[in-house]
Amino acid sequence: MTMSGRPKSAQRSAQPGLAASLKQKLIQQALQRKLDQAARPVPAAAGPREEIPPAHYRFELHPGYQQVRILSEGAAAMGLPSPFFKLHEGSAGAATRIGGRSYLNFASYNYLGLSGDEAVNAAAREAIERYGTSVSASRLVSGERPVHRELEQALAALYGVPQAVTFVSGHATNVSTLGLLFGPRDLIVHDELIHNSVLQGIALSGAKRLPFPHNDAAALDALLAAQRRRYERVLVVLEGLYSMDGDYPDLPRFVEIRRRHRVFLMVDEAHSLGVMGPRGLGIREHFGLAGSDVDIWMGTLSKTLAGCGGYIAGEAALVEHLRHLAPGFLYSVGMPPPVAAASLAALRRLHELPGRVAALQARGAQFLARARAAGADTGTSAGLSIVPAIVGNSVKAARLSAALFERGINAQPILYPAVPEQSARLRFFLCSQHSEADIEQAAQALGEELAKL
Ligand SMILES: Cc1ncc(COP(=O)(O)O)c(C=O)c1O
């Protein structure tokens, strides 16, 4: 395989190493110039006789597509393979198979190994036998099946709230929910590291959007003291466990702020369900809070719950409203029965297997300690299921990922614009099926490859 980004000469002596890094710097600068140029708007034709600029009617001249091409050509010029769209040949958990070779896998959020679990597979197969592969309609009309209701009851019980509703996509759950519930006279305040789906939902709602510094409850408090009375409804959005950094908010402080300022509080549990709390019930269990301390519990079925889709859990007035009017629910097909059945089975397995949650938390703590000892900048990670190794720029992150891949370790680089360029990183997802030896091997390889960067 020619996966390494490092020219052979760079490994032998310092002099060619310097030349190679100078070349990389020049390529990077040229890349940045091209990106800046591609981002410049092309003015529209001013007069009736003026030619319409080709950029306004050809997709290959779209600035977004230009950016994709410039980045992939730049990576090729530096001898870096694309880290994206790797073809996994089976189910991906602690290990995976790519291109006929086995890898230790740290790139999938199959936190408790429930995607691929025999009981979960069997539930999906049974649901296909009974209901087919599609419900062929929106739930509101003729797409409702018993498995949808069972799943939603189980999710509501998980949070100790009256109701829950599921959507066919986690991303669409946030977009549709925020787009429906809030409008131009409202304010949505969010942690600066909040997921893209929340930002898209806010944009759709037309509400005023204000970020606050990551996990900074005091800054939020001050912001609300200054802003609350200028708006009608105000929503604060947090994540239970932040997907890029692996840290979490001091939720009780945010709950207290919610009460004092009379605002709604929403927590996106995409990465905290199955991961936080002694039984994996999420950040609510971790802090021992009541379901009613948070107005909107949101989560996804695509991580711990081994399916695809999202949910909102909360009071009846919230869920009933969404079930009748949220566009991503009302105007979209109901969740395919095998997917709903798989997530329901995974939720039952979560309750049956607290030992897996404990194993995941132990492996996370082990990886965090070992990666730090090996010299990795793990940022603010709490060492649960997500540990970044922050390397400082996208090229270094892509090179590190390629070097580990060559050693049989699959860890995804997170590059600009997914994170700011200076915090480009590798992100390690841990799962309960990783062994202590897997963690040792990965942390050691990470340390060795970091030293060569
Ligand atoms: C915090 C967060 N919210 C929402 C989503 C969207 O969920 P899905 O991928 O299931 O659509 C993600 C996806 O990874 C996420 O990390």
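A few points about this structure:
- Leading residue by the ranking (nearest to GLY379 (Cα to Cα)) among those in the range 222-261 that are aromatic (Phe, Trp, Tyr) and open to solvent by 10 Å² or more (accessible area, probe 1.4 Å): TYR248
- Condition met for GLY364 (more than 12 Å from the ligand (Cβ to nearest atom) and on the phi > 0 side of the Ramachandran plot): no
- Evaluation of GLU421 against (1) at pLDDT below 95; (2) in contact with a strand residue (DSSP E or B) (Cβ under 7 Å, 6 or more places away or on another chain) (one fails), failing number: (2)
- Qualifying residue in the range 77-94 (condition: open to solvent by 70 Å² or more (accessible area, probe 1.4 Å) and of a type in the set (Gly, Ala, Ser)): yes
- For the range 138-171, the set of residues classified as closer than 14 Å to MET298 by Cα, within 16 Å of the ligand (Cβ to nearest atom) and touching a Phe, Trp or Tyr at 6+ places or on another chain (Cβ under 9 Å) consists of LEU155, ALA164, VAL165, THR166, PHE167, VAL168, GLY170, listed by residue number.
- Taken together, GLY274, GLY299 contain a single residue that is within 12 Å of the ligand (Cβ to nearest atom) and under 19 Å from the mean Cα position of the chain (by Cα), which is GLY299.
- Taking the numbered list (1) open to solvent by 100 Å² or more (accessible area, probe 1.4 Å); (2) modelled with pLDDT of 85 or more; (3) under 25 Å from ALA418 (Cα atoms) in turn, GLN67 passes all entries but (1).
- Residues of the range 352-379 classified as polar (S, T, N, Q) and either touching a strand residue (DSSP E or B) at 6+ places or on another chain (Cβ under 9 Å) or crowded, with 19+ Cβ neighbours inside 10 Å (or both), total: 2
- Qualifying residue in the range 313-322 (condition: within 16 Å of the ligand (Cβ to nearest atom), open to solvent by 20 Å² or more (accessible area, probe 1.4 Å), of a type in the set (A, V, I, L, M, F, W, C) and within 28 Å of ARG349 (Cα to Cα)): no
- Residue among ALA55, ALA75, ALA45 that alone is under 25 Å from the mean Cα position of the chain (by Cα), hydrophobic (A, V, I, L, M, F, W, C) and farther than 16 Å from ALA306 by Cα: ALA75
- A search for C-beta distances below 7 Å between a residue of the range 374-395 that is on the phi < 0 side of the Ramachandran plot and any residue that is surrounded by fewer than 23 Cβ atoms within 10 Å (Cβ to Cβ) and among the charged types (D, E, K, R), counting only pairs 6+ apart in sequence or on different chains, returns THR378/ARG372; THR380/ASP247; SER381/ASP247; ALA382/ASP247; ALA389/ASP377; ILE390/ASP377; ASN393/GLU421; SER394/GLU421.
- Just one of the listed residues (VAL387, VAL395) is within 16 Å of ASP247 (Cα to Cα) and surrounded by 20 or more Cβ atoms within 10 Å (Cβ to Cβ), and it is VAL387.
- Screening LEU347 on (1) more than 30 Å from GLY132 (Cβ to Cβ); (2) out of contact with any Gly (no Cβ under 7 Å at 6 or more places or on another chain) shows it passes everything except condition (1).
- Where a residue in the range 417-429 is within 25 Å of GLN366 (Cα to Cα) and touching a residue at least 12 places away in the same chain (Cβ under 8 Å) and its partner, wherever it lies, is surrounded by fewer than 19 Cβ atoms within 10 Å (Cβ to Cβ) and aromatic (Phe, Trp, Tyr), with Cβ under 8 Å and at least six apart: ALA424/TYR416
The values are calculated or read from the model by the stated rules, or taken from the named source; none is laboratory data. All of these numbers come straight from a predicted model, not from anything done at the bench. Positions of Cβ are backbone-derived with ideal geometry, glycine not excepted, and every protein chain shown enters the neighbour counts. All accessible areas refer to the heavy atoms of the entire protein, side chains included, with ligands and DNA or RNA removed. Shrake-Rupley method; radii C 1.70, N 1.55, O 1.52, S 1.80 Å.
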